[in-house]
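Here the structure comes first, spelled out in C-alpha cells, and everything after it is commentary.
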Amino acid sequence: MTARELARHLNMSVPWVYREAARVGLTAYKFGTGRNAKMQFRVSEVQRWIDQQSVPLN
C-alpha cells in the first residue's frame, strides 16, 4: 500500500502519513533511494494497527 493509499484508507492527509506514521507505530518500507524513494506499507500490518486502535463501546 502506498503512502497515498494509506492516507485515503485512514482518511488522513499524505503529509500526515509521512510525518506521523512511524510515531504512531506504522512501519514503512522504503524502496529506492534519493528523491525516487517510495514508502510502502503492508496491508496486514495496517489492518492490525487499525484493530489495535479500536475502543470498546461498553
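The values are calculated or read from the model by the stated rules, or taken from the named source; none is laboratory data. Predicted, not measured: the structure shown is a model, and the values here were computed from it. Positions of Cβ are backbone-derived with ideal geometry, glycine not excepted, and every protein chain shown enters the neighbour counts. Surface accessibility is based on the protein's heavy atoms, side chains included, excluding ligands, DNA and RNA. Shrake-Rupley method; radii C 1.70, N 1.55, O 1.52, S 1.80 Å.
Against the list (1) without any contact (Cβ under 8 Å) to a residue 40 or more places away in the chain; (2) of a type outside the set (K, R); (3) assigned to a helix (DSSP H, G or I), the condition L57 fails is (3). May I ask you to list the residues in the stretch 1-36 that are among the hydrophobic types (A, V, I, L, M, F, W, C), open to solvent by 70 Å² or more (accessible area, probe 1.4 Å) and part of a helix (DSSP H, G or I)? Once the filter is applied, which keeps residues that are among the hydrophobic types (A, V, I, L, M, F, W, C), open to solvent by 70 Å² or more (accessible area, probe 1.4 Å) and part of a helix (DSSP H, G or I), the stretch 1-36 yields only A22. Summed over the stretch 5-38, residues that are under 9 Å from the mean Cα position of the chain (by Cα) and over 17 Å from Q53 (Cβ atoms) total 3.
Only one of the numbered conditions (1) open to solvent by 80 Å² or more (accessible area, probe 1.4 Å); (2) not in a helix (DSSP H, G or I) is violated by M39, and that is (1). Residues in the stretch 42-54 that are part of a helix (DSSP H, G or I) and open to solvent by 100 Å² or more (accessible area, probe 1.4 Å): R48, Q52. Residues in the stretch 38-58 that are at pLDDT below 90 and aliphatic (A, V, I, L, M): V55, L57.
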